[in-house]
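Report on the structure given below.
The values are calculated or read from the model by the stated rules, or taken from the named source; none is laboratory data. Treat the numbers as computed from the prediction; the structure is a model and nothing was measured. Note: ideal-geometry Cβ built from the backbone for every residue, glycine included; neighbour counts use all protein chains shown.
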Amino acid sequence: MAQIFEGIMLVCFGSAWPFSIWKSYVSKKTSGKSLPFLWIIFTGYICGIAYKIAGNTDKIIYLYAFNSLLVFSDIILFYRNRKFEKRKTA
């Protein structure tokens, strides 16, 4: 039963990332983003995966993996956008 709530939580959190990624991709700006926050969230998802691998493996691991890929995509876009901003100011 707890897996249902964990799954719902991950779906809710994960549903916000595509919008964030799209905003990062289109705007080519880092404003409104916090790199430490993104890395903390990414680390949390990786820890969730590690927990599932350590003996609590179920299908929820796919939600952790998917969400971690979304957050990592946003991290990559942050670095790309920061490069764009540095070129613009140079």
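Numbers for the structure displayed
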quantity: Hits in the range 1-23 (condition: of a type in the set (A, V, I, L, M, F, W, C), in contact with a Leu (Cβ under 8 Å, 6 or more places away or on another chain) and over 14 Å from Y79 (Cα atoms)); calculated: L10, V11, W17
quantity: Verdict on F13 being modelled with pLDDT under 95 and either surrounded by 11 or more Cβ atoms within 10 Å (Cβ to Cβ) or in contact with a His (Cβ under 8 Å, 6 or more places away or on another chain) (or both); calculated: yes
quantity: Matching residues, the range 30-50, being assigned to a helix (DSSP H, G or I) and exposed (fewer than 14 other Cβ atoms within 10 Å of the Cβ); calculated: L35, P36, F37, I40, T43, C47, A50
quantity: Residues located in the range 24-39, provided they are of a type outside the set (S, T, N, Q), over 11 Å from D74 (Cα atoms) and touching a residue at least 40 places away in the same chain (Cβ under 8 Å); calculated: K28, K29
